[in-house]
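Enquirer: The structure is given below, and queries will be raised subsequently.
Every number here is computed from the coordinates shown, using simple stated rules; none is lab data. Computed from a prediction, not measured in an experiment: that's the story for all the values here. Positions of Cβ are backbone-derived with ideal geometry, glycine not excepted, and every protein chain shown enters the neighbour counts.
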Amino acid sequence: MAPVTYLEAIRQALFEEMERDPSVVLLGEDIGVYGGAFKVTAGLLERFGWERVIDTPISETAIVGAAVGMGYLGLRPVAEMQFIDFIACCFNQITNFVAKSHYRWGAPVPIVLRGPCGGGVHGGPFHSANPEMYFVHTPGLKVVCPATAYDAKGLLKSAIRDNNPVLFLEHKFLYRRIKEELPEDNYTVPLGQAVVRREGRDLTIVSYAAMMHTSLEAAELLAKEGIEAEVIDLRTLLPLDKETLLASVRKTNKLLVVHEDTRTGGIAGEIAAIVCEEAFEDLDGPVRRVTSLDTPVPFAPPLEERFLPNAASVAAAARELAKY
Amino acid sequence: MPVDVIMPQMGESIFEGTITKWLKKPGEKVERDEPLFEISTDKVDAEIPAPAAGVLKEIKVGEGQTVPIQTVVAVIDAPGATEQAVAPAPVPSEAPQAAPAPQKPAEKAAEKPVAKALEKPPATAPLPAPSAPPAGPRRDGHPIHSSPLVRRLAREHNIDLSTLRGTGAGGRISKKDILRAVEAGGGRPSAAPAAPAPPAGVPAPAAQVTLETAVPRERIYFGRYEVQPMSMMRQRIAEHMVASKRTSPHVYSVDEADVTRIVELRERTKTEFEKRTEAKLTFMPFFVRASVEGLRAFPTVNASVDGTNIVLHHEINIGIAVALDWGLIVPVIKNADEKNFLGLQRAINDLAERARAKKLRPEEVQEGTFSITNPGVFGGLMGLPVINQPNVAILGIGAIQKRPVVIQDAIAIRSMAYLTLSYDHRVVDGAVAHQFMGKVKSMLENWNENIL
Amino acid sequence: MNGCTPPRHRLPPPHEEQVRTTEQGMKASLTRGQHLELYYYMKLNRTLEEQLERLFRQNKLVGGLYLSLGQEATSVGTAYALEPRDWMAPMIRNVGALLVKGYKPRDILTQYMARHTSPTLGKDGTSHFGDLKMRHVVSPISVLGDLIPVMTGVALAGRYLGQKIVAMTWIGDGGTSTGAFHEGMNFAAGQKAPFVCVVENNQWAYSTPVKRQVPLENLADRARAYGIASYIVDGNDVVAVYETAKEAVERCRAGEGPVLIEAKTMRMRGHAQHDAAEYVPKEMFAYWKARDPLDRYEKFLTENRIWDAKNRAEIEARIERELKEDLEFAENSPFPPPELAGQGVYCQGCHSIEPEWHRPKQEVMPPKASVRAVWEVEDFGSLDQVPRGGKSTAEVSGDGARPPAQEPEKGKRKAKIAKPTRRVKR
């Protein structure tokens, strides 16, 4: 089989789930006739018809609200945010209505909210957001951030089948940049499980989404210097796979967290706290972070390059930590 | 009029208490000030008197439960109670859950969850009193830089970090360094894995000390054994002692006093004294009296330490260690310097009796400025006591024994007692300590006060 | 009506501007039994809320109390028009609607008392509860307007599953100013969702009078902007409310799209118990007191000889008995165990999610569902008075599974990715 892009893997997941289960329907802006701003849903209207691929007005609150109502009748709607930045428009609907529903009155909300996130494509302050932590801080949601085509497909299928609301954040930098061959079987990847992408003994680098690739690149650089970094891909931020994380820290005794999200309040802080609470006596150095700057995502290429972490900055932090 | 019975605040730093026993059942009549229940707190075990006369209407907190101070633990239906005695009804604007406990629903229905909710200590624990943090390993007075991992490995393998050379950043001892030391046979390798760290989120005890286990737990449990949980008093004593040893550098001085005069005086006066005063005559007031003189002469022994401040107490309040079947308590003779001999003897007898009857009031175990302990009572020749914080010194009295002593090159049989002083070297130096002891000794040996 | 005459739609949905009321000759289609049942619910609604007010003052409720005294006819009359298969989502002042949907006073009492026996086990209070399986009630949240898009989704899912249901929710005059209201109504209108939105115009959004929030004569005027049908009804006339809601529900079920009903009524208390509503002119309370929905219905039932003193006494005795039992139940109920606080954030297999299909699934699966993905463009921008030659440039393929309500209305150009599989005549 030919290699499949990250974007195509997502489309395949939607396609296969819609084939498998007529309760799966799609909602979003320009997802039908046009096939979506990034063409993730291209061809799905043709195959599944107007009732299952619904082009909506520019109304993020209505999109999420309607998805919830559909979910209450047992459907499994997948709603698209054209750019994940716009999810701020329906923040109330997600955090107040969706996330609290099962806890308050036992009504599960089996919906997926998916959309392109992330920078590195010169999208500027309103087309590059990484909003994961607003939602990681919201009990009742699940937050998924795939880094590979294989995971994007397998995790999206699990998200659709999950009885809880799942935020599925697709990194648009990866959409067409990464490719891999996918198995033909109907596989899924379970939510809430991290994976070790590269084994190493000297330090652990924890990351997810596009920064997972940056971390792997940095690990290659470090290997040439004799520093063996273990790279963990979180895949799901909520619920967080603490076991994989702690097992690696107990092995390497040093931890570097890398994310594209801004620094203050990013998940690195939470991970550092977990490790300090649960594996303090396994630490042979301080927990370090490499993150984006605490600014909006700037537009001009040199500014955005400065804003984002890269392999060199990750390697530099890792080197220092290895030496510590 | 219903009157609320409140869990009292048994000391400034106390924020909760455990009900150990109810002495009345709901429906029973109680008199005002009649013992109603017994509590156990971090500082003291006590019997709490009823705040009003009437009928015990309801017990809200059962035996064995720990609740925050000011919690209503029972209600007394008091026919004659005045308005002032009645606790104001809570106005539930911010915390309405306190109020709507149903009036009459069956106990099983409504009472249980309420009581359960109260089991938890309040979210805001009091700040620990300032105390010196545990000192890390040091070399030449400088801290040794390592890491949590390194310190753990050092502990597990009995390696003294000050003997290692660090190769990490800035000379830090790194994982590599300690592993090399372990491989080289370092200290005595400890066979078992380290004790598991306490689980996260477990609330710290009220004292600023966590009781640790010095060896891996696996090495404690072997053969046949029985495990007894510590009573609250035992735990507090343990914590208090660990904190004291950790905080105060203890120095010990030993002296010996010829108490023949006192022994003779007591023997001579005992019957008369007890007949006239109806108080038992013991040796303790002699030692208290002598200590008062010593403390007057050397105020730094009658002090406390607050960080870099020395607090010189103007009162002389002497704590006397009283052994109990279930532990130990140190009631305090307040203003001991203002009492005559009989006053001291009465105070000592009264405090000791009430300590054994669990009838001490919380203020009676607080505000000591100096302590005396008496291992001699149990035949001990001498003891080296741990300082009773926040004091800076404690006097230990050994058993009074007849011993041959040399007096003016002649051997004589005299009643002798060893005196020991444990003192906090942060404040009290050896010179002062020995002068203090000299003063006490001289007072005892040359006793010339009337005791009647 | 105000002086402004809105432009007419090409296919004008009906906008009744007359306030509907039985006093102006509106006929009742109700049987005698239904009349008595309606009265029972209204009276129960009122008696229960008066009881709640007493309990609040005795310190027996947890949190705030939001009463609908004076609005009983609107809650009860609208909900009474729904069938058991229909879905509704109450707002905080729709205790009456919950009673009609089959909830008991004990459900509301235990909710307000935060007991473990309440529908939410003590995790939420007030009318914040629901039931997906049996009663088809969606729980509201405190944020206003959010239910409009949610109930739109309910309506769309019901249609998708072939259930022929109608979804109904309520919103106050204040709530119509939210973005969610607008997004939801607009989406419902675009999708022709079978959705009835009852705007309960109780004259006050907390302390602000309706005219200072919305510069419209009637809140029903908003419907014109969404291109949907609307009615205005005397919200204190339960028969008029019921007949209007019934008509709206039937139109929805017939596929005519959403309907907005403005029910003019009055909140006879403050926003909640802490609010004495001193900002309301005394004359205004007097005006509405004279139009009390219960008084009016009692008069109606008597004048039309629908009931006699015995019927009335029976209903009152039944309410007294039921309330007494339920109050005892609620007061004897325990609070939830503290450990419940940490439970139930996620569904971990506690629910199985299985939609109820009332149509063949093949209709929504390929090949039957497959279509030619091209917009049907009806006009090119309406610069001219008369739409010109508005036939589509493309046809829709598939097996005709596309319901008329799903027709996308406007678009600009033909999509490039269209790949017709089969052509079938529409």
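Enquirer: Starting from the Cα coordinates of chain A, work out the convex hull volume and express it per residue in Å³.
Expert: Details: hull volume 41.6 nm³, N = 324.
With only Cα atoms used, chain A gives 129 Å³ per residue.
Enquirer: Using only alpha carbon positions, build the gyration tensor of segment A:231-324, then give the equivalent ellipsoid semi-axes as the square roots of 5 times its eigenvalues, largest first, whole angstrom. Display every interim value, and only then the final one.
Expert: On the way: eigenvalues 124, 48, 22 Å².
Its equivalent ellipsoid spans semi-axes of 25, 16, 11 Å.
Enquirer: Report, largest value first, the span of the C-alpha coordinates of segment C:1-156 along each principal axis, in whole Å.
Expert: 54, 36, 33
Enquirer: Would you mind checking the pairs C:Lys282/C:Lys310; B:Lys24/B:Lys359; B:Lys334/B:Lys439; C:Lys192/C:Lys361 and listing those with alpha carbons more than 25 angstrom apart?
Expert: Working: C:Lys282/C:Lys310 36 Å; B:Lys24/B:Lys359 17 Å; B:Lys334/B:Lys439 21 Å; C:Lys192/C:Lys361 22 Å.
Correct reply: C:Lys282/C:Lys310.
Enquirer: Return the average number of partner chain Cβ atoms within 10 angstrom of each residue Cβ along peptide C:366-375.
Expert: Numbers: counts 7, 1, 1, 11, 5, 10, 3, 13, 3, 4.
Mean shielding by partner chains, rounded to a whole number: 6.
Enquirer: Averaged over peptide A:274-285, how many Cβ atoms belonging to another chain are found within 10 Å of each residue's Cβ? Please list the in-between numbers first.
Expert: Values: counts 1, 0, 2, 4, 3, 3, 6, 11, 6, 6, 13, 8.
Across the residues of A:274-285, the mean count of other-chain Cβ atoms within 10 Å is 5.
Enquirer: Among A:254-262, B:343-351, how do they line up by average Cβ neighbours within 10 Å per residue, starting with the highest? Present the calculation step by step, with values, prior to reporting the outcome.
Expert: Values: A:254-262: 26.2, B:343-351: 19.6.
For the peptides A:254-262, B:343-351, the packing ranking is A:254-262, B:343-351.
Enquirer: With no solvent and one equal point scatterer placed on each C-alpha of segment C:76-168, evaluate the Debye formula and give log10 I(q)/I(0) for q = 0.13, 0.18, 0.24 Å⁻¹, two decimals.
Expert: Cα-only, vacuum Debye calculation for segment C:76-168: -0.42, -0.78, -1.25.
Enquirer: On average over all directions, what projected area in square nanometres does segment B:241-319 have, based on the convex hull of its Cα atoms? Walk me through the intermediate numbers first.
Expert: Values: hull surface 30.6 nm².
Projected area, direction-averaged: 7.6 nm².
Enquirer: Let me ask something additional. Kindly write out, for segment B:393-399 in residue order, the coupling ³J(HN,Hα) from the Karplus curve 6.51 cos²θ - 1.76 cosθ + 1.60 (θ = phi - 60°), rounded to whole Hz, with x marking Gly and Pro.
Expert: 7, 9, 9, x, 10, x, 5
Enquirer: Along each principal axis of its Cα atoms, how long is segment C:263-372 end to end? Whole angstroms, biggest number first, please.
Expert: Extents along the principal axes, in whole Å: 63, 49, 40.
Enquirer: Also: So what's segment C:130-214 giving for Rg/Rh, alpha carbon basis, Kirkwood Rh from the mean inverse pair distance? Each step should come with its number before you reach the end.
Expert: Values: Rg = 13.6 Å, Rh = 13.5 Å.
My calculation puts Rg/Rh at 1.01.
Enquirer: Compare the peptides C:255-265, A:230-240, B:352-362 by average per-residue count of other Cβ atoms within 10 angstrom and give them in order, highest first. Each step should come with its number before you reach the end.
Expert: Details: C:255-265: 25.7, A:230-240: 23.5, B:352-362: 16.5.
In decreasing order of mean packing, C:255-265, A:230-240, B:352-362 become C:255-265, A:230-240, B:352-362.
Enquirer: While we're on this one: Comparing A:Glu199, A:Glu225, A:Glu29, which has the greatest mean-square fluctuation in the GNM of chain A with Cα pairs linked when under 10 Å apart?
Expert: Looking only at A:Glu199, A:Glu225, A:Glu29, the largest GNM fluctuation is found for A:Glu225.
Enquirer: How large is Rg over Rh for segment C:318-366, taking Rg from the Cα atoms and Rh as the Kirkwood inverse mean of 1/r across Cα pairs?
Expert: Working: Rg = 21.2 Å, Rh = 16.1 Å.
Ratio value, two decimals: 1.32.
Enquirer: Here is a further query. Which aspartates and glutamates have a Cα less than 20 Å from the Cα of C:Lys299, not counting those fewer than 8 places away in the same chain?
Expert: The qualifying aspartates and glutamates are C:Glu23, C:Glu37, C:Glu72, C:Asp234, C:Asp237, C:Glu243, C:Asp308, C:Glu314, C:Glu316.
Enquirer: Ok, one more. Based on other C-beta atoms within 10 Å, arrange A:Asp85, B:Asp77 from fewest to most.
Expert: Numbers: A:Asp85 21, B:Asp77 16.
So the residues, fewest neighbours to most, are B:Asp77, A:Asp85.
Enquirer: I would also like to ask the following. How shielded is C:340-352 by partner chains, expressed as the average number of their Cβ atoms within 10 Å of its Cβ atoms?
Expert: Details: counts 1, 1, 0, 1, 6, 8, 12, 13, 3, 1, 4, 7, 3.
Neighbouring Cβ atoms belonging to other protein chains average 5 per residue here.
Enquirer: I've got another one for you. Which entries in the list A:Lys251/B:Lys175; C:Lys43/C:Lys101; A:Lys179/A:Lys242; C:Lys43/C:Lys324 go over 20 Å, if you measure between the two C-alpha atoms of each? Please report the intermediate quantities before stating the final value.
Expert: Numbers: A:Lys251/B:Lys175 12 Å; C:Lys43/C:Lys101 15 Å; A:Lys179/A:Lys242 29 Å; C:Lys43/C:Lys324 15 Å.
Distance filter (> 20 Å) returns A:Lys179/A:Lys242.
Enquirer: Moving on to the next point. Report the residue, chosen from C:Ala89, C:Ala290, C:Ala330, that carries the largest GNM mean-square fluctuation when chain C is represented by alpha-carbon nodes joined by springs under 10 Å.
Expert: Result: C:Ala290 has the largest fluctuation of those listed.
Enquirer: Still on this model: Divide by every residue of chain A the summed helix terms, -39500 (n - 2.57) for each DSSP H run of at least 4, and state the resulting mean residue ellipticity at 222 nm, rounded to the nearest 500 deg cm²/dmol. The partial results should precede the final answer.
Expert: On the way: 11 runs with 117 residues, N = 324.
Taken over chain A, the calculation gives -11000 deg cm²/dmol.
Enquirer: Here is a further query. For segment B:337-376, what class follows from the C-alpha gyration tensor (a ≥ b ≥ c being the square roots of its eigenvalues): rounded when a/c is under 1.5, otherwise prolate if a/b is larger than b/c, else oblate?
Expert: On the way: a/c = 1.26, a/b = 1.25, b/c = 1.01.
It comes out rounded by the Cα gyration axes.
Enquirer: How big is the Rg/Rh ratio for segment B:359-428, C-alpha atoms only, Rh by Kirkwood, two decimals? Write out the running numbers ahead of the final one.
Expert: Values: Rg = 16.0 Å, Rh = 14.1 Å.
Rg divided by Rh gives 1.14.
Enquirer: Continuing with the same structure: Name the shape class, rounded, prolate or oblate, that the alpha-carbon gyration tensor gives for the protein assembly as shown, where a ≥ b ≥ c are the square roots of its eigenvalues, rounded holds for a/c under 1.5, and otherwise prolate holds if a/b is larger than b/c and oblate otherwise.
Expert: Details: a/c = 3.49, a/b = 1.62, b/c = 2.15.
Oblate, since a/c reaches 1.5 and b/c is not below a/b.
Enquirer: Taking N as the number of residues in segment B:390-452, what is its Cα Rg relative to 2.2 N^0.38 Å? Don't skip to the answer; put the middle values down first.
Expert: Details: Rg = 14.5 Å, N = 63, 2.2 N^0.38 = 10.6 Å.
Dividing the Cα radius of gyration by 2.2 N^0.38 Å gives 1.37.
Enquirer: Student exercise: in segment A:1-157, how many lysine pairs 8 or more apart or on different chains have Cα atoms under 19 Å apart? Each step should come with its number before you reach the end.
Expert: On the way: A:Lys39/A:Lys153; A:Lys39/A:Lys157; A:Lys100/A:Lys142; A:Lys142/A:Lys153; A:Lys142/A:Lys157.
Count of close lysine pairs: 5.
Enquirer: Something else: Given the DSSP H assignment, sum -39500 (n - 2.57) over each helix run of at least 4 residues in chain C and divide by its residue total; what's the result at 222 nm in deg cm²/dmol, nearest 500?
Expert: My calculation for chain C gives -10500 deg cm²/dmol from helical runs alone.
Enquirer: Okay, moving on. For q = 0.07, 0.13 Å⁻¹, what log10 I(q)/I(0) does chain C give under the Debye formula with an equal point scatterer on each alpha carbon and no solvent?
Expert: Summing over Cα pairs of chain C leads to -0.39, -1.18.
Enquirer: By average Cβ neighbour count within 10 Å, what is the ranking of C:64-74, A:125-135 from highest down?
Expert: On the way: C:64-74: 24.7, A:125-135: 21.0.
My ranking of the peptides, most packed first, is C:64-74, A:125-135.
Enquirer: List the aspartates and glutamates whose Cα sits under 14 Å from the Cα of B:Lys270, skipping any in the same chain fewer than 8 residues away.
Expert: Leaving aside aspartates and glutamates fewer than 8 places away in the same chain, those within reach of B:Lys270 are B:Glu278.
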